[in-house]
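Taking it in order: structure first as structure tokens, then the write-up.
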Amino acid sequence: MSFRSLIAAAALAVLPLAATAQTHPEEMHVHDAYARIGNGSGAVFFMIHNNTDVDRTIVGAHTDIADKAELHSHTEGADGVMVMGKIEGGVALPSGEMHEFARGGDHVMLMGLKRALADGDQFDLVLEFADGAELTLPVVVDNGRKAGEMDMTEHSGHMTKKGASD
Ligand SMILES: [Cu+2]
């Protein structure tokens, strides 16, 4: 599937921001959120498209099913070995841009799973943005997923502004 047709498919799932301010329409798209689980930890993968007119930065994540969720990336160390580590400063998501959390690259790491999860189980992951906004996305456990395989039936994400009353 071409990148362009991915974008076309993405446009089918427009999820309005539950905005408290009536300034401008804001939409964030999340596609194909799935998790791989193993050994008390897990990793979540998805594609996110910032269709709002505001530059955003994902600075963290949390979920009820894990003690801790961290933004991670894989980078090549000096010795050529791929190492996984926390992304410092968050993931920039400029207006109109998309970012892929994918196998072998960026992912949301889940540490200290609180319950067993099997293929097909779902849970909510909350992405935290630098401006205080949050985006809740349903994630499905899919340990059998091959890298690079995308399920275009999954479109999800609903953004809310945390504690904004003004
Ligand atoms: Cu990781």
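A few notes on this one:
- Odd one out for residue 87, checked against (1) surrounded by fewer than 16 Cβ atoms within 10 Å (Cβ to Cβ); (2) modelled with pLDDT under 95: (1)
- Residue within the stretch 74-89 that is part of a loop (DSSP other than H, G, I, E, B) and touching a residue at least 60 places away in the same chain (Cβ under 8 Å) present: no
Residues are listed down the side, and each one gets a yes or a no for (1) more than 27 Å from residue 143 (Cβ to Cβ); (2) part of a loop (DSSP other than H, G, I, E, B); (3) at pLDDT below 95:
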| site | (1), (2), (3) |
| --- | --- |
| 23 | yes, yes, yes |
| 33 | no, no, no |
| 44 | no, no, no |
| 47 | no, no, no |
| 52 | yes, yes, yes |
| 59 | yes, no, no |
| 109 | no, no, no |
| 119 | no, yes, no |
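- Residue 92 vs. criteria within 15 Å of the ligand (Cβ to nearest atom), surrounded by 12 or more Cβ atoms within 10 Å (Cβ to Cβ) and either modelled with pLDDT of 95 or more or under 18 Å from residue 41 (Cβ atoms) (or both): no
- Every listed requirement among (1) modelled with pLDDT of 95 or more; (2) within 11 Å of the ligand (Cβ to nearest atom); (3) outside any strand (DSSP E or B) is met by residue 105 save one, (1).
- For the stretch 108-128, the candidate set comprises residues that are within 16 Å of the ligand (Cβ to nearest atom) and closer than 12 Å to residue 58 by Cβ; within that set, the residue that is surrounded by the fewest Cβ atoms within 10 Å (Cβ to Cβ) is 125.
- Filter result (more than 20 Å from residue 41 (Cβ to Cβ) and within 16 Å of the ligand (Cβ to nearest atom)) within the stretch 59-80: 76, 77
- Per this entry, residue 33 is not counted among residues that are under 25 Å from residue 148 (Cα atoms), within 11 Å of the ligand (Cβ to nearest atom) and of a type in the set (Gly, Ala, Ser).
- Given (1) within 16 Å of the ligand (Cβ to nearest atom); (2) under 16 Å from residue 135 (Cα atoms); (3) among the small types (Gly, Ala, Ser), number of the condition residue 38 does not satisfy: (2)
- Condition check for residue 77: exposed (fewer than 13 other Cβ atoms within 10 Å of the Cβ), at pLDDT below 95 and either within 24 Å of residue 144 (Cβ to Cβ) or under 15 Å from the mean Cα position of the chain (by Cα) (or both): no
The values are calculated or read from the model by the stated rules, or taken from the named source; none is laboratory data. Quick caveat: nothing in here was measured; it's all calculated off a predicted structure. No Cβ is skipped: glycine too gets one built from the backbone with ideal geometry, and neighbour counts run over all protein chains shown.
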